Amino acid sequence: MTQRCGFVAILGPPNAGKSTLLNRLLGTKLAIVTPKPQTTRRCMLGIVIEGETQIVLVDTPGIFAPRRRLDRAMVGAAWTGAADADLVMALIDAERGIDDDARRVIDGLAEHKPVAIAVLNKIDLIDKAALLPLAQRLDETGLFRRVMMISGLTGDGIEDLKRDLAASMPEGTWHFPDDQLTDLSERLIAAEITRERLFLELRQELPYASAVETERWTEQPDGSLRIEQTIHVERDSQKAIVIGKGGRQLKRIGELARAEMERSFSRRVHLFLFVRVTEGWAESREHLAALGLEDEG
Ligand SMILES: Nc1nc2c(ncn2[C@@H]2O[C@H](COP(=O)(O)OP(=O)(O)OP(=O)(O)O)[C@@H](O)[C@H]2O)c(=O)[nH]1
Ligand SMILES: [Mg+2]
């Protein structure tokens, strides 16, 4: 049989369920997922094999109206991911419908006209009857080869989607070894796991004011990992909240992140978290580049 291989960018508004879908298609938890928008900050690959086809999925940050330099880098990365793909999968939250952010995605696609399909997600949340008019509106834009309906959460429609994606990939040899799952390093995965915890445990602006960097990674003689990470925040007051009374908040974040790392890396982990005030990191090209969130160019 002929081999096929191609890139599929998962593009959409924040919180549409892009990372959940990546994990679902991959069959394992790779990308971090939270109920808060703007969780994903960088593009990452999830490599799926379907028969003779290698589907290289690209999870992207959500498309929204950017304010900070970090936001612009996120939205820019998402559009770059889409431009480099063989197929763009526009993921729309069926419950939210075509809101301002979804409109921004559609307008952007209208400008660039990539090969695209629309995928209505979260169909577990709404009535089938409400789906049809929405699908029709997407179809009428003329931008999509077809409109599919899924639930990344329950798995409804996922097998059909996977087959459809595989059939849409160009003929060609595989780009990655058959056992490679992602392009993310373990250091980055570890940083993402801690950031997921920050998003889940912290409120208001705090998740958006923080970033995580893995500073040291040591394989210990007993087979365990020693991981040291810095949590960057913007102000002293934020540092105090992340640490919490008597260090309780930071301890809780560390314990939960460590447990997740042990699951992810299948080995014992000793995690050390430091909180540092790095003023204006989200506006600084240098800091964003150091965090791998903006090209240095
Ligand atoms: N009910 C329901 N919830 C879903 C579905 N897919 C995702 N979610 C939830 O939607 C929220 C956002 O999911 P994510 O996968 O983080 O969304 P995202 O598009 O990657 O978000 P950003 O990275 O912030 O742009 C989470 O609470 C998910 O559990 C779905 O099919 N049904
Ligand atoms: Mg995401």
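Dividing the C-alpha radius of gyration of region 186-290 by 2.2 N^0.38 Å, with N its residue count, gives 1.05. Relative contact order of region 4-168: 25 percent, from C-alpha pairs under 8 Å at least 6 residues apart in sequence. 3J(HN,Hα) along region 203-216: 10, 6, 7, 4, x, 7, 8, 10, 9, 10, 10, 7, 8, 9 Hz, from the Karplus curve 6.51 cos²θ - 1.76 cosθ + 1.60 with θ = phi - 60°, whole Hz, x for Gly and Pro.
What value does the chain have for Rg/Rh, both radii from Cα atoms and Rh as Kirkwood defines it?
Working: Rg = 19.7 Å, Rh = 20.1 Å.
We get a ratio of 0.98 for the chain.
What do you get for Rg/Rh of region 108-211 when both radii come from the Cα atoms and Rh is the Kirkwood radius?
On the way: Rg = 18.5 Å, Rh = 17.5 Å.
Rounded to two decimals, Rg/Rh equals 1.05.
Among the lysines of the chain, pairs at least eight places apart or on separate chains and with Cα atoms under 15 Å apart come to 5. Note: region 4-168, Cα convex hull, 98 Å³ per residue. Quick one: net charge around Ala94, please, counting Lys, Arg +1 and Asp, Glu -1 for every other residue with C-beta under 15 Å from its C-beta. Residues near Ala94 contribute -3 overall. Hey, in the GNM for the chain with a 10 angstrom Cα cutoff, which one of Arg103, Arg41, Arg195 fluctuates hardest? Between Arg103, Arg41, Arg195, it is Arg103 that shows the largest mean-square fluctuation. Here is how the number arises for the chain: DSSP H runs of 4 or more residues each give -39500 (n - 2.57), the sum is divided by the residue count, and the result at 222 nm is -11500 deg cm²/dmol. Computed from backbone phi with θ = phi - 60° and the Karplus coefficients 6.51, -1.76 and 1.60, the 3J(HN,Hα) list for region 261-277 is 5, 5, 5, 5, 9, 6, 7, 5, 10, 10, 10, 10, 10, 10, 9, 10, 7 Hz; x is used for glycine and proline. Kirkwood's formula applied to the C-alpha pairs of region 107-147 gives a hydrodynamic radius of 11.0 angstrom.
Could you tell me the relative contact order of region 9-55? Use alpha-carbon pairs under 8 Å, at least six residues apart, and round to a whole percent. Spell out each step's value before the answer.
Details: 37 pairs, mean separation 14.4, N = 47.
Over region 9-55, the number comes to 31 percent.
Sparse packing (at most 16 other Cβ atoms within 10 Å of the Cβ) combined with a DSSP loop state is found for the following GluC sites (Glu not before Pro) in region 52-125: Glu52, Glu95. Here Met89, Met261 are placed in order of increasing Cβ neighbour count within 10 Å, fewest first, which gives Met261, Met89.
Applied to region 80-92, the Karplus parametrisation 6.51 cos²θ - 1.76 cosθ + 1.60 on θ = phi - 60° returns per-residue 3J(HN,Hα) values of 5, x, 5, 5, 8, 8, 7, 8, 9, 9, 8, 9, 10 Hz, with x for Gly and Pro. Below 8 Å between Cα atoms, with a sequence gap of 6+, how large is the relative contact order for region 186-290 in percent? Averaging sequence separation for qualifying contacts and normalising by length gives 29 percent for region 186-290.
Give the separation of the Cα centroids, region 252-270 to region 1-78, in Å. Cα centroid to Cα centroid, the span is 23 Å.
No lab work stands behind these numbers, since they all come straight from the coordinates. Values in this document were obtained by computation on a predicted structure and should not be read as measured data. Reconstructed Cβ throughout: ideal geometry from the backbone, glycine too, with neighbour counts over all protein chains shown.
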